[in-house]
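To start, the structure under review is shown below, and the notes come after it.
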Amino acid sequence: MATIIELESGFAVAPQLVADDFAEIAAAGFVAVVNNRPDGEEEGQLPAEEARKHAELNGLSYYHLPFHGFDVSDEEMVDEFIALAEKLEGPVLYYCRTGTRCTLLWAQYAVTHLGVDAVSKIARAAGYDVSVVIEELETRALAVAEAA
C-alpha cells in the first residue's frame, strides 16, 4: 500500500497509487480520493480513468484535478483546489507522484485556518518543504487577517 501521511484531520497525502491500493484506502476509512497528477507524466502510472474505476469499485468518490509541476502557485488553479477541499467531507486522500504537489496545495488551503508557521511545521514533519510557495502562504494568511 502507498505511504499515507495525514497532514490534518480528514486530509491526507500519498505518492502515486496503484490499482491494489484503492481497496486498502477504503478499508482505512477514506471516503474520497483526489488525483492531482496529470495523465502521462510518467510511463506506467495509473491513468486517471482507470483510477476512477478502482476507486468507485471500492466505494470511494474520485476526483481528478491535475496540476503540472509548479501550477501549484497558479492562483486560479489553487482556488479550484481549495473549493474542492472545502466541499469534500473526509477523510480524503490526495495523491500525486510523491505527495509534494498535494502538500503544497494543502498548505495554501490550510494556511487560512492554521497559519504560516503551523503549516510549515506540519509539512516539514511530514518530510515536505513548502518554502517554494511561502509568498503565496503569506499572502493568503494576510488576506484572512485583514478580512477579520
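The values are calculated or read from the model by the stated rules, or taken from the named source; none is laboratory data. Fair warning: this is a prediction, and the values are worked out from it, not measured in the lab. Note that we place each Cβ from the backbone using ideal geometry, even for glycine, and neighbour counts take in every protein chain shown.
For the residues T98, T139, T112, the requirement of being more than 30 Å from G44 (Cα to Cα) and either in contact (Cβ under 8 Å) with a residue 12 or more places away in the chain or part of a strand (DSSP E or B) (or both) singles out T112. Here A26, A19 are screened, and the one residue that is modelled with pLDDT of 95 or more and either under 26 Å from Q108 (Cα atoms) or surrounded by 14 or more Cβ atoms within 10 Å (Cβ to Cβ) (or both) is A26. Apart from one condition, E56 fits all of (1) within 16 Å of the chain's Cα centre (by Cα); (2) more than 19 Å from V133 (Cα to Cα); (3) assigned to a helix (DSSP H, G or I); (4) not hydrophobic (A, V, I, L, M, F, W, C); the exception is (1). Among the residues of the stretch 76-89, some residue qualifies, meaning at least one is surrounded by fewer than 16 Cβ atoms within 10 Å (Cβ to Cβ), in contact with a Leu (Cβ under 9 Å, 6 or more places away or on another chain) and either not in a loop (DSSP other than H, G, I, E, B) or not hydroxyl-bearing (S, T, Y) (or both).
If we keep just the residues of the stretch 29-55 that are in contact with a strand residue (DSSP E or B) (Cβ under 8 Å, 6 or more places away or on another chain) and touching a residue at least 60 places away in the same chain (Cβ under 8 Å), which is surrounded by the fewest Cβ atoms within 10 Å (Cβ to Cβ)?
Selected residue: V31.
Check F67, F81 and return the single one that is without any contact (Cβ under 8 Å) to a residue 40 or more places away in the chain and of a type in the set (F, W, Y).
F67
No other residue among G69, G99, G115 is out of contact with any Cys (no Cβ under 8 Å at 6 or more places or on another chain) and at pLDDT below 90 apart from G69. In this structure, D71 does satisfy being under 24 Å from R124 (Cα atoms), charged (D, E, K, R) and surrounded by 14 or more Cβ atoms within 10 Å (Cβ to Cβ).
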